[in-house]
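Notes follow the structure.
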Number of protein chains: 4
Amino acid sequence: MSYLSNLRIILGFDEFSRDPPMWRGVCAEFLGTLFFVLIGSFSCLGGWIPGYEPTVVQTAFAFGITIATVIQCTSHVSGGHINPAITIAFLVGRQISVLRAILYIMAQCVGAIAGAAILAGLVPKELRGNLGLTKPSDYITTGQCFGVEVMSTFLLVWTTFSVTDEGRTDLKGSAPLAVGLSAVALGLGAGPISGGSLNPARSFGPAVITGDWDLHWIYWVGPIGGGILASLCYTFCFRAPKNHHCK
Amino acid sequence: MSYLSNLRIILGFDEFSRDPPMWRGVCAEFLGTLFFVLIGSFSCLGGWIPGYEPTVVQTAFAFGITIATVIQCTSHVSGGHINPAITIAFLVGRQISVLRAILYIMAQCVGAIAGAAILAGLVPKELRGNLGLTKPSDYITTGQCFGVEVMSTFLLVWTTFSVTDEGRTDLKGSAPLAVGLSAVALGLGAGPISGGSLNPARSFGPAVITGDWDLHWIYWVGPIGGGILASLCYTFCFRAPKNHHCK
Amino acid sequence: MSYLSNLRIILGFDEFSRDPPMWRGVCAEFLGTLFFVLIGSFSCLGGWIPGYEPTVVQTAFAFGITIATVIQCTSHVSGGHINPAITIAFLVGRQISVLRAILYIMAQCVGAIAGAAILAGLVPKELRGNLGLTKPSDYITTGQCFGVEVMSTFLLVWTTFSVTDEGRTDLKGSAPLAVGLSAVALGLGAGPISGGSLNPARSFGPAVITGDWDLHWIYWVGPIGGGILASLCYTFCFRAPKNHHCK
Amino acid sequence: MSYLSNLRIILGFDEFSRDPPMWRGVCAEFLGTLFFVLIGSFSCLGGWIPGYEPTVVQTAFAFGITIATVIQCTSHVSGGHINPAITIAFLVGRQISVLRAILYIMAQCVGAIAGAAILAGLVPKELRGNLGLTKPSDYITTGQCFGVEVMSTFLLVWTTFSVTDEGRTDLKGSAPLAVGLSAVALGLGAGPISGGSLNPARSFGPAVITGDWDLHWIYWVGPIGGGILASLCYTFCFRAPKNHHCK
Ligand SMILES: [Ca+2]
Ligand SMILES: [Ca+2]
Ligand SMILES: [Ca+2]
Ligand SMILES: [Ca+2]
């Protein structure tokens, strides 16, 4: 294969003729991220009855099970990323093209803004809080928050690569549920510390609507950094050899 | 095929000769909705020991896992709808006939009334509360409650269509559990806001027994509207092409 | 087949020559019920730190997930009943013999006593409470408690028959997990009302060790009655025809 | 086979030429245990907002679902033990070699120290608590704590052997999730009593970093003892005969 045709594949210029067509994948990423941000952030809001505050268990399961749900709803069309850190990890692992990655990340960001905007429309001003914006705990340093997001997203992406590894035949059970449950565990552990974002889009949508950009960079650099590390680690150390036998 | 025979199929006049027979499907929908309303509503009641009130986590998991359970118990006989919004979504998606839809919805409503009536018989008057009736939070407008139900049921129906799409071969794991878990996530997120009905029958049963019809229309128009939107969206945008290969 | 040989099969005199041998099934039922009662009852005890009381969510998941676990551990050897109500439901549904049912129920009861006795040995006297004994809430009548156990066990057995129905090919996912999750939902709903036993052995073990037999009969007649009803209902109305095609 | 060649297999001298290579398995055990200890221990810490303390439900699900996640991430490379008690149980059951067992246990211990050290780096000194160190409740004796760990790890290992038994064809669903959920149930039941370790490495890492070795031996002897008992019990009483039919 010539250098040029190889480059065409990496960049993705041939992808517009694929099936399912790329615009459907972009739609799926948009709608998936919209619902992920909307339903997850619902669970962060309090005050629906006097004194009511959501527990960590509630928000961790709300986000994690919503992730499992929207991945199931979109995986056959787009691959079910709904997360720029996962899209970039797949790009680094050479599983998607540059063009697809750019379009997906744009769709995820617009979807997250739409989700946060719908959230703002569906709840009264007094109960909106910060629309589920991710914030570090007051007690940790910026570096610690960054480290928590790096480590957490490493495990999320390691899980994603594990359950979508085409060479593995040892796993039964639902792959979307496995990814969603890893996010539940990470939310139970890291949620109270760093906000447990694991997903730049999930932090971006509420930031756009509330206008609060304080320390926002952590939720891009941390998850994307952790995701790239996990992608390299899985691809070079843990990936199963593809099995070419007929079933 | 002539226009008339096509109409016979859409309306469903031929369905009475199918196997399993339709009366079994109607029985399954009745009994499934009865248990769904009974067990779910049990979890909404408080006061069993002084000061005890159920948490959002408890009711969300009780409803959602009961949904997974009754779908599993009925799916081979009726398809496991137990929800008029899902039945109408399948009708709009041309997956069931008009006749079957009408009979199922009647069975679901009668089942929900029976479930709420049994509930009223099994708990003392002082602890009955409103029998798990769905109500908007005092802090939101009618339109906001309507919007929350539309969006929530959109995701429930999107999930249902995703995991029952015959063209998809990428999903392993339990389809009923996937639907039930989506309801868990929606209950964790939307439960405290709109009551998290997602299901007109689930709201109808307690309304009949308590006689409280205040804002009841929201729980018909919202879920059915959201379900129809999801049905159209999935059918025209996300449905996988049927795979005709032998297995 | 003659009347006599038919009777031999129903009674089970030929079963001792089967593989796996029946004594292994009896061992599995003993050990499974022992662990079910031990781990579940651990979760009912409070006071490990001052003021600590388990929540309904905690005990419901502890019992339900332990059920899923011990069924998985025993199903290939004994069928994984660990519950006299389920054993009798299978007997009524003509899926096991009289002899096997009697031996299993004896093993379950002895296992439950052993589990409760080990529990009593592993926790100090002051924290033993009533060893997780099931009791009706003070606010309901005996008849209401009975009704709650009948309805709850109906759903548990309906689920068990659904996921073990050999004629069904529509269900993916773990059958033991499905049964365990139905018990989670029932514990979240009925636990605070009737104690959520669903299982005579689970109530019998702690009753033997504590000597508290007050209203104990409810937890035999209720679950067994509900289980028999569900067995008849499933066998005559919902059972799938066996599929004789080779795969 | 001669006595000597048999001994070579048991000890594992031939394993270095296997595929996947053993160093990958050792890497997987190291990284899996690191993340297990890190994420699980995150969930044990409190104080992120004033008055916040994690609930038993939160820590039990955090540990258990993290176990499911890391097993999924490592099982194709190392078998996914991440627990010396499980490694020794497999050794006793003649499923792995002595050499592999020794290397895995070393990797698990170093991984657990690394996880606890990273934890100490990511949280401020005031909120570190004891880094999730396992401790018996003040109200139980040493013997009772030992007994709780023996019984709990017996069930964990019984589950592990059940879902990895190559002769069993009756189980669908995710094996790693089944093991993780058994740990959830055990955490819900035994967590408040003994600390619910089930895993010497999980107790060892925080002990090294905090320097608190008080009663540490319990968390080696208890889990390993319970695991060996379960291994013998499963291997001699419950193991399914291997099925040699082609699929
Ligand atoms: Ca995410
Ligand atoms: Ca519903
Ligand atoms: Ca039971
Ligand atoms: Ca462990």
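Values quoted throughout were computed directly from the atomic coordinates according to the rules given, and no laboratory measurement underlies them. In this text the structure is predicted, and so the values were computed from the model without any measurement. Reconstructed Cβ throughout: ideal geometry from the backbone, glycine too, with neighbour counts over all protein chains shown.
Within chain D, what's the longest stretch lacking chymotrypsin sites (Phe, Trp or Tyr not before Pro) that sit in DSSP loops with no more than 16 other Cβ atoms inside 10 Å?
D:53-138
Only Lys, Arg, Asp and Glu count, each charged at its Cβ (+1, +1, -1, -1), so figure out the dipole size of region C:56-209 about its Cα centre, rounded to 20 debye.
For region C:56-209, the charge dipole is close to 220 debye.
Counting only C-alpha contacts under 8 Å and six or more residues apart, can you give the relative contact order of region D:1-148 as a whole percent? Walk me through the numbers before you get to the answer.
Values: 160 pairs, mean separation 51.7, N = 148.
So the answer I get is 35 percent.
What angle do you read, to the nearest 10 degrees and between 0 and 90, between the alpha-carbon axis of helix C:56-78 and the longest principal axis of chain C?
30
Got a sec to turn the phi values of region C:187-201 into Karplus ³J(HN,Hα) couplings, 6.51 cos²θ - 1.76 cosθ + 1.60 with θ = phi - 60°, whole Hz, x for Gly and Pro?
Karplus values, whole Hz, x for Gly and Pro: x, 5, x, 9, x, x, 8, 9, x, x, 5, 6, 7, x, 5.
How do B:Cys233, C:Cys237 rank when sorted from fewest to most other Cβ atoms within 10 Å of their own Cβ?
C:Cys237, B:Cys233
When only DSSP loop residues count, what trypsin sites (Lys or Arg not before Pro) in region C:91-128 have their Cβ near at most 11 other Cβ atoms within 10 Å?
In loop regions of region C:91-128 (DSSP not H, G, I, E or B), the sparsely surrounded trypsin sites (Lys or Arg not before Pro) are C:Arg94.
Pairs of alpha-carbon atoms within less than 8 angstrom and 6+ residues apart define the contacts here; what relative contact order does chain C have, in percent?
28
Kindly write out, for region A:4-14 in residue order, the coupling ³J(HN,Hα) from the Karplus curve 6.51 cos²θ - 1.76 cosθ + 1.60 (θ = phi - 60°), rounded to whole Hz, with x marking Gly and Pro.
Couplings: 5, 5, 4, 4, 4, 5, 4, 6, x, 5, 8 Hz.
Taking the label point 7 Å from Cα in the Cβ direction, how far apart in nm is B:Asp14 from each other copy of itself, listed shortest first?
4.5, 4.5, 6.3
By how many degrees, 0 to 90 and rounded to 10, does the Cα axis of helix C:22-42 deviate from the longest principal axis of chain C?
Once rounded, the angle reads 30 degrees.
Over 24 Å between C-alpha atoms is what I'm after, so list which of B:Lys242/C:Lys242; C:Lys125/D:Lys135; C:Lys135/D:Lys135 land there.
Long pairs (Cα-Cα over 24 Å): B:Lys242/C:Lys242; C:Lys135/D:Lys135.
Any idea what the relative contact order of region B:143-209 is, in percent, if you count C-alpha pairs under 8 Å spaced at least 6 apart?
For region B:143-209, the relative contact order is 44 percent.
Distances in nm, one decimal, shortest first, from B:Gly46 to the same residue in every other copy, taking the label point 7 angstrom along Cα→Cβ.
Sorted ascending, the copy-to-copy spacings read 1.6, 1.6, 2.3 nm.
Got the A:Trp213 label distances to the other copies yet, label 7 Å along Cα→Cβ, in nm, shortest first?
From this label point to the equivalent ones elsewhere in the assembly: 5.4, 5.4, 7.6 nm.
Search the structure for amide H atoms under 5 Å from the amide H of B:Lys172, placed 1.01 Å from N in the peptide plane, and list their residues when 5 or more places away or on another chain.
Correct list: A:Ala175.
Work out the length of the dipole vector of the protein assembly as shown about its Cα centre, built from +1 on the beta-carbon of each Lys and Arg and -1 on the beta-carbon of each Asp and Glu, and round it to the nearest 20 debye.
Numbers: 56 positive and 52 negative charges, 458 e Å.
Its charge dipole is roughly 2200 debye.
For the residue pair D:Thr169 and C:Phe13, what label-to-label distance in nm results when each label sits 7 Å from Cα along the Cα-to-beta-carbon direction?
3.3
Using alpha carbons only, how many degrees (0 to 90, rounded to 10) separate the axis of helix A:218-233 from the longest principal axis of chain A?
30
Which one, C:Pro223, D:Gly195, D:Val98, is farthest towards the positive end of the dipole of the protein assembly as shown when Lys and Arg carry +1 and Asp and Glu -1 on their Cβ?
Most positive-ward Cα: D:Val98.
Rank the residues C:Val163, C:Val26, B:Val148, D:Val179 as a footprinting-exposure proxy: fewest other Cβ atoms within 10 Å of their Cβ go first.
Details: C:Val163 23, C:Val26 20, B:Val148 31, D:Val179 27.
Lowest count first: C:Val26, C:Val163, D:Val179, B:Val148.
If you keep only loop residues by DSSP, which trypsin sites (Lys or Arg not before Pro) in region A:1-66 have at most 13 other Cβ atoms within 10 Å of their Cβ?
Filter output for region A:1-66: A:Arg18.
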